[in-house]
Amino acid sequence: MRILRSSNYQRMPWKNGGGETFEIAVSPPAASLDTLDWRVSMAVVAGDGPFSRFAGIDRTLCVLEGDGLRLAFADDGSVRTLDRAAPPFAFDAERPVQAQLLGATVTDLNTMTRRGRYRHTVSRAPIGTPLPAREDAEVLLVFCGGGRMRVHADEGTAAELGTHDCVVLQGPQNPRALTLFSTDAAAAALLIRIERLP
């Protein structure tokens, strides 16, 4: 069980220069935007504008803070509105998309995987219910979207997470199950599973 603290995330500009990203985890280690197999990051959206485009990448977006975003896709004219209550939204990262703030600056969580090599799912994790930690996922991340929480593994290890901290589990020695416990009323978690394709 590896704990990543939000205070240590690497800060960098967006690919298109329109905002700022905090890189949480990437594979291979120190991979660039052109060579990554998978990446989990947070982005700060402070104004309206286009999203960066990534060829061959599948992407899932979740709003963590702020009033939300309106995403307009130029390829088919579709529109999607995301706020903190919306489920994680998956889309092809090469699609041309224009983002419009619905109010205050937004912080969002981005998960990206290289199509054909990896795939991922992002879901809201229930508090107090055991979660399987060993399935088909090569990597499992538990991200604290708000508040504070405790992550307990079935073999006895535990981790305390604050807002935007993350636990990473990777490898055959991972526990079989995890349980999340809230330590305040604002606690919320997201579960990210990353699977290597044959």
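Does residue 108 satisfy the criteria of being more than 15 Å from residue 4 (Cα to Cα) and assigned by TED's automatic domain parsing to the domain that holds residue 15?
Values: more than 15 Å from residue 4 (Cα to Cα): yes; assigned by TED's automatic domain parsing to the domain that holds residue 15: yes.
The answer is yes for residue 108.
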*Of the criteria (1) surrounded by fewer than 20 Cβ atoms within 10 Å (Cβ to Cβ); (2) assigned to a strand (DSSP E or B); (3) out of contact with any Lys or Arg (no Cβ under 6 Å at 6 or more places or on another chain), which one residue 121 fails*: (3)
_Top-ranked residue of segment 1-20 - restricted to ones that are in contact (Cβ under 8 Å) with a residue 24 or more places away in the chain and not in a loop (DSSP other than H, G, I, E, B), ranked as surrounded by the most Cβ atoms within 10 Å (Cβ to Cβ)_ = 4
*Take the residues in segment 158-190 that are polar (S, T, N, Q) and part of a strand (DSSP E or B), then tell me which one is farthest from residue 126 (Cα to Cα).*
170
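Looking only at segment 141-166, count every residue that is aliphatic (A, V, I, L, M) and surrounded by fewer than 22 Cβ atoms within 10 Å (Cβ to Cβ) and tell me the total.
The initial filter retains those residues of segment 141-166 that are aliphatic (A, V, I, L, M), namely 141-142, 149, 151, 153, 158-159, 161.
If we keep only those that are surrounded by fewer than 22 Cβ atoms within 10 Å (Cβ to Cβ) too, we end up with 153, 158-159.
Number satisfying all stated conditions: 3.
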*State whether one or more residues within segment 57-66 are exposed (fewer than 15 other Cβ atoms within 10 Å of the Cβ) and either at negative phi or among the aliphatic types (A, V, I, L, M) (or both).*
no
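Going by what's in this entry, would residue 97 be described as surrounded by 14 or more Cβ atoms within 10 Å (Cβ to Cβ) and farther than 23 Å from residue 25 by Cβ? So that I can check it myself, show each step before the final result.
On the way: surrounded by 14 or more Cβ atoms within 10 Å (Cβ to Cβ): yes; farther than 23 Å from residue 25 by Cβ: yes.
Criteria met by residue 97.
Under 22 Å from residue 192 (Cα atoms), out of contact with any helix residue (DSSP H, G or I) (no Cβ under 9 Å at 6 or more places or on another chain) and in contact (Cβ under 8 Å) with a residue 40 or more places away in the chain, is that true of residue 117?
Numbers: under 22 Å from residue 192 (Cα atoms): yes; out of contact with any helix residue (DSSP H, G or I) (no Cβ under 9 Å at 6 or more places or on another chain): yes; in contact (Cβ under 8 Å) with a residue 40 or more places away in the chain: yes.
Spelling it out, residue 117 is indeed under 22 Å from residue 192 (Cα atoms), out of contact with any helix residue (DSSP H, G or I) (no Cβ under 9 Å at 6 or more places or on another chain) and in contact (Cβ under 8 Å) with a residue 40 or more places away in the chain.
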*Considering only residues that are buried (at least 19 other Cβ atoms within 10 Å of the Cβ) and modelled with pLDDT under 90, look in segment 176-198 and name the one that is farthest from residue 8 (Cα to Cα).*
178
*Can you name the residue in segment 52-90 that is touching a strand residue (DSSP E or B) at 6+ places or on another chain (Cβ under 6 Å) and of a type in the set (Phe, Trp, Tyr) and is also farthest from residue 15 (Cα to Cα) among such residues?*
89
_Failed item, numbered, when residue 127 is tested on (1) of a type in the set (A, V, I, L, M, F, W, C); (2) buried (at least 16 other Cβ atoms within 10 Å of the Cβ); (3) not in a strand (DSSP E or B)_ = (2)
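With the condition kept exactly as written, say whether any residue in segment 37-47 is free of Cβ contacts under 8 Å to residues at least 24 places away in the same chain and among the small types (Gly, Ala, Ser). If you could, list the steps in order and put the result at the bottom.
Of segment 37-47, the ones free of Cβ contacts under 8 Å to residues at least 24 places away in the same chain are none.
Within segment 37-47, none of the residues are free of Cβ contacts under 8 Å to residues at least 24 places away in the same chain and among the small types (Gly, Ala, Ser).
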*Could you check, for segment 23-40, whether at least one of its residues is outside any loop (DSSP other than H, G, I, E, B) and among the small types (Gly, Ala, Ser)?*
yes
*Filtering segment 136-161 down to residues that are under 19 Å from the mean Cα position of the chain (by Cα) and modelled with pLDDT under 90, which residue is farthest from residue 25 (Cα to Cα)?*
136
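The values are calculated or read from the model by the stated rules, or taken from the named source; none is laboratory data. Computed from a predicted model, the values in this text were never measured in an experiment. All Cβ positions, glycine included, derive from the backbone under ideal geometry; neighbour counts span all protein chains shown.
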